[in-house]
Every structure is written in C-alpha cells, then in structure tokens.
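Below: one structure, written as structure tokens.
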Amino acid sequence: MREPATGCSGSATRSRDTLLREYFELRPLLDSNVISITPRSVPLKVVLSGETADHVCDFSEKTDHGLALVDVRCLAEMRQPNASEFHLAVAAAAREQGFSYRVETEETILAEPSYTNALLVQSCKRRFVYPSDQVLILHHLSESGQSTLIEAAQACRPHVDGISAVLALACRRLVIVDLLSEPLGPETPVKRHR
C-alpha cells in the first residue's frame, strides 16, 4: 500500500512544516474542547486495497469527547490520486480503535477570521498579567457568565492594558474568547474556561 506523497512543493501558501507548527500552536485557542495536543499519535493498521500498513497521524488531541487523531495536509497532498481513499482507510482504522479522525488542510487552518484572531491572541502569550488583574477578570466573568472583550478588559485596574491581559489569559486557557465568529473586536464574546 502506498501512502500519498507528503510535501507541499506546489503549495501557494505554506510549507508542511509551517502548517504543522501553526496547527499545533493555534488549535487549542480555537477549540475549548481540546484539553491537550501532542505531536504524533498511536500507530494505526491501515488497510487499503487489501494491503496493510502502519500509519502514525500528525497529532493526537485529547478532548472532552475522547481522543481525536489528526493529519495535517497541504492542498497539493490532498490532490494526490489516492489521498481520499487513503484518508477514508485511516478513518476506518481509527474508528476500530475508538478514536475519531480528521484531516486539516490549508483551507481549514488558515480560515478567516479564526486564523488572524488566533495570531492576535497568540501575540499576547508572554504578556505578564498581575495576579490582581487576573482575579478581577475572572471574577467579572464568573459574575456575568459571559461578557464582551471590552467589558472583561475594563475589569482590570485603570493603568493596565486590559485587552492584552484578557487575551493572555486565553493563552493560559483561563478564559475562552470566541475567535471563530467575527474579527476580534470590542463585542467579541468572552467567558471563563470551565
């Protein structure tokens, strides 16, 4: 059995390594159900055209719903002659072991507005948040249930960049910022992570 060739040489946007890195860094920001994400996964016995071969997915995601196996492919890889058949065989092998499976592509990883929103949030990852501001933001969100980004930011002390503080807390998985619906703005919904 031949697995589709990997490599994004004909890709107009990102290299395969760049896609893998971006997926790994941004995915937890975009899906609050993702508890953890690890490179590589359990080996699967994939049967295609009567032949069996081992396949290790690019990532495994521990979610609220179990373990999900993920392959990241650029568009050039998805155009390979047996790519669709191969990924259906991988999905069947994953199901047999009790896992879900999906393929993420350039289109899904770079989808807007989520991609740009996640990059904006990620830029605040190393931002220091004073404990008092963290507590004020989390208290506000506990009291309100859900808030807008601007309201959550106003929970900080006056001299603090509250928006960056809220986004830094999203990187630490203390709050959930809706990055999928609209471009990041004052009305962006924010709630406390469970």
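The values are calculated or read from the model by the stated rules, or taken from the named source; none is laboratory data. These figures come from a predicted structure and were not determined experimentally. Here the Cβ is made from the backbone with ideal geometry for all residues, glycine too, and neighbour counts use every protein chain on show.
So in region 86-109, with the set limited to residues that are farther than 18 Å from GLU61 by Cα and buried (at least 17 other Cβ atoms within 10 Å of the Cβ), which one is nearest to the chain's Cα centre (by Cα)? Walk me through how you get there before you give the answer.
Start the filter on region 86-109 by keeping residues that are farther than 18 Å from GLU61 by Cα, which leaves 86, 88-89, 106-107.
Remaining after also requiring buried (at least 17 other Cβ atoms within 10 Å of the Cβ): 86, 89, 106.
Working: PHE86: 23, ALA89: 24, GLU106: 13 Å.
Within region 86-109, the match that is nearest to the chain's Cα centre (by Cα) is GLU106.
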Practice prompt. Just need a number here: residues in region 147-194 that are of a type in the set (S, T, N, Q) and either in a loop (DSSP other than H, G, I, E, B) or crowded, with 19+ Cβ neighbours inside 10 Å (or both).
Written response: 4
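For region 34-57, what are the residues that are under 24 Å from THR116 (Cα atoms) and at pLDDT below 90?
If the condition is that a residue be under 24 Å from THR116 (Cα atoms) and at pLDDT below 90, then no residue fits.
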Worksheet entry | Subset of region 121-146 [assigned to a helix (DSSP H, G or I) and touching a residue at least 24 places away in the same chain (Cβ under 8 Å)] | VAL121, GLN122, SER132, ASP133, GLN134, ILE137, LEU138, LEU141, SER142
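Which count do you get for residues in region 43-67 that are among the hydrophobic types (A, V, I, L, M, F, W, C), out of contact with any helix residue (DSSP H, G or I) (no Cβ under 8 Å at 6 or more places or on another chain) and more than 18 Å from GLU104 (Cα to Cα)? I'd like the intermediate steps shown before the answer.
Kept after step one, since they are among the hydrophobic types (A, V, I, L, M, F, W, C), are these residues of region 43-67: 44, 46-48, 53, 56-57, 59, 67.
Now drop any that are not out of contact with any helix residue (DSSP H, G or I) (no Cβ under 8 Å at 6 or more places or on another chain), which leaves 53, 56, 67.
Now narrow it down to the ones that are more than 18 Å from GLU104 (Cα to Cα): 53.
The total comes to 1.
Only one residue in ALA76, ALA118, ALA83 is in contact with a helix residue (DSSP H, G or I) (Cβ under 8 Å, 6 or more places away or on another chain), surrounded by 15 or more Cβ atoms within 10 Å (Cβ to Cβ), in contact (Cβ under 8 Å) with a residue 60 or more places away in the chain and over 20 Å from LEU44 (Cα atoms), so which one is that?
Values: ALA76 fails: in contact with a helix residue (DSSP H, G or I) (Cβ under 8 Å, 6 or more places away or on another chain); ALA83 fails: over 20 Å from LEU44 (Cα atoms).
Being in contact with a helix residue (DSSP H, G or I) (Cβ under 8 Å, 6 or more places away or on another chain), surrounded by 15 or more Cβ atoms within 10 Å (Cβ to Cβ), in contact (Cβ under 8 Å) with a residue 60 or more places away in the chain and over 20 Å from LEU44 (Cα atoms) holds for just one of ALA76, ALA118, ALA83, which is ALA118.
Could you tell me how many of the residues in region 58-96 are outside any strand (DSSP E or B) and either at pLDDT 90 or above or out of contact with any Ser or Thr (no Cβ under 7 Å at 6 or more places or on another chain) (or both)? Before you say what the answer is, go through the steps one by one.
Pass one, region 58-96, residues outside any strand (DSSP E or B): 58, 64-65, 74-96.
If we keep only those that are either at pLDDT 90 or above or out of contact with any Ser or Thr (no Cβ under 7 Å at 6 or more places or on another chain) (or both) as well, we get 58, 64-65, 79-96.
Of the residues in that region, 21 qualify.
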